[in-house]
Amino acid sequence: MTEEYKCIGCGSTIQTTDKEGIGYTPKSALEKGIESGELYCQRCFRLRHYNDIQDVAMTDGDFLALLNTIGTKDALIVNVVDIFDFSGSLIPGLHRFVGDNPVLLVGNKADILPKSLKKGRLIQWMKERSHEAGLRPIDVTLTSAKKKNDIQELLELIDEYRDGRDVYVVGVTNVGKSTLINEIIRQSAGVEDVITTSQFPGTTLDLIEIPFEDGTCLIDTPGIIHRHQMAHYLGKKDLKLVSPKKEIKPKVYQLNEEQTLFLGGLARFDVIKSEKMGFIVYASNDLDLHRTKLEGATEFYDKHVGGLLQPPREDEVADFPELARFEFSIKEKTDLVFAGLGWVTIPKACVVAGWAPKGVDVTIRKSLI
Ligand code: GDP
């Protein structure tokens, strides 16, 4: 592009190369926009037409400025996280950005947890993990953006803690923040006219404001792209397949040492040293699991990824990152977590390895269930 164009919505310089960067516009839209004299960047275009805030990368200076500015407001911060990918959905350094403002931590997607998981236990677990990350939430709660009653209860809780102040909703991508906000809008009367959009001073980012009756607002912010999430390595269809939609049905596998379990072509679980025991897999019911021998498992993967071991699909294999290996010596009942995909509960002491696409975290935690 030789000539420089500006978005008439936010004033950012239009660019057509970096999809996640500020001012991005697809080439086709650029030509149409110049012709019509109404050139918007994709973020503003979607905001205008779909009330959809575009997500931004964490390194984005504007976004950090925005978080910093939130710290100077007198507000309640609602941080939405995905309980299925808790560590993948924490915002690094959030506690530094919020200043003295209280944070309400909301674990979304509660509907997909198996019934055997007690809510009180999970909330306690979330508290401990957030404390470890330096965050001291005023309260921790669970919700499901897909359940009407949950949204009502959440709104009541927000109302209690906001104490007449504005509310900022923050979260990384894929935690269900848009679904939650849209549900809140749907449930708070006359849809279209409750939403206003505004630009945050000093940034090029737009926000959606949903007014409360007392004149304060609930404000939606762009999702932060967290690169350690499995979501970034999957196409839309595969993402649907691995994101559990219904209550997870745990699957028990009796594994001996020297056995391997593949979770589609996305992850791998090796039992290295162990007595035979039942390992419990918690992942989307639609994800196929395959058991094989540890010896030759790498060759098996190379041969079958994209075929027997899906996702990724055949045409995605070339772009799919290699699996990276993490070994753990387990002492007590433990969950081995594949960020954003699920976890395996290990009942007793043993040595195991978890493999996930390079860049995606494999971690262990004290067993949840
Ligand atoms: P955002 O990037 O945080 O705005 O996330 P989205 O609202 O786009 O949601 C990401 C995915 O999670 C979508 O496939 C949603 O349908 C799904 N989702 C959102 N909320 C829930 C929930 O409460 N339960 C379940 N099972 N899925 C949810």
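The values are calculated or read from the model by the stated rules, or taken from the named source; none is laboratory data. Because the structure is a prediction, the values reported are computed rather than measured. Reconstructed Cβ throughout: ideal geometry from the backbone, glycine too, with neighbour counts over all protein chains shown.
Tabulated results
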{"quantity": "Residues of the stretch 106-131 classified as crowded, with 23+ Cβ neighbours inside 10 Å and over 19 Å from residue 222 (Cβ atoms), total", "calculated": "2"}
{"quantity": "Any pair with Cβ under 8 angstrom, 6 or more apart, that starts in the stretch 34-47 at a residue that is within 10 Å of residue 12 (Cα to Cα) and ends at one that is charged (D, E, K, R) and surrounded by fewer than 20 Cβ atoms within 10 Å (Cβ to Cβ)", "calculated": "40/48"}
{"quantity": "Filter result (over 22 Å from residue 236 (Cα atoms) and touching a strand residue (DSSP E or B) at 6+ places or on another chain (Cβ under 7 Å)) within the stretch 314-332", "calculated": "324, 325, 326, 327, 328, 329, 330"}
{"quantity": "Helices (runs of 4 or more DSSP H) within the stretch 67-174 that include 2 or more residues in contact with a Leu (Cβ under 9 Å, 6 or more places away or on another chain) and away from the ligand (no atom under 11 Å from the Cβ)", "calculated": "94-97, 119-132, 148-162"}
{"quantity": "Odd one out for residue 268 among (1) more than 25 Å from residue 347 (Cβ to Cβ); (2) basic (Lys, Arg); (3) crowded, with 16+ Cβ neighbours inside 10 Å", "calculated": "(1)"}
{"quantity": "The stretch 319-349, subset among the small types (Gly, Ala, Ser) and at pLDDT 90 or above, residue surrounded by the fewest Cβ atoms within 10 Å (Cβ to Cβ)", "calculated": "329"}
{"quantity": "Among residues of the stretch 70-93, those that are of a type in the set (Ser, Thr, Tyr) and surrounded by fewer than 21 Cβ atoms within 10 Å (Cβ to Cβ), counted", "calculated": "2"}
{"quantity": "Selection status of residue 280, buried (at least 16 other Cβ atoms within 10 Å of the Cβ) and modelled with pLDDT of 95 or more", "calculated": "yes"}
{"quantity": "Test for residue 166: is it more than 29 Å from residue 364 (Cα to Cα), out of contact with any strand residue (DSSP E or B) (no Cβ under 6 Å at 6 or more places or on another chain), surrounded by 16 or more Cβ atoms within 10 Å (Cβ to Cβ) and not aliphatic (A, V, I, L, M)", "calculated": "no"}
{"quantity": "Of the criteria (1) in a loop (DSSP other than H, G, I, E, B); (2) more than 30 Å from residue 73 (Cα to Cα), which one residue 271 fails", "calculated": "(1)"}
{"quantity": "Test: residue in the stretch 37-54 that is modelled with pLDDT of 85 or more, within 22 Å of the chain's Cα centre (by Cα), within 16 Å of the ligand (Cβ to nearest atom) and assigned to a loop (DSSP other than H, G, I, E, B)", "calculated": "no"}
{"quantity": "Test: residue in the stretch 320-341 that is in contact with a Phe, Trp or Tyr (Cβ under 9 Å, 6 or more places away or on another chain), of a type in the set (A, V, I, L, M, F, W, C) and without any contact (Cβ under 8 Å) to a residue 24 or more places away in the chain", "calculated": "no"}
{"quantity": "Test for residue 257: is it assigned to a loop (DSSP other than H, G, I, E, B) and away from the ligand (no atom under 16 Å from the Cβ)", "calculated": "yes"}
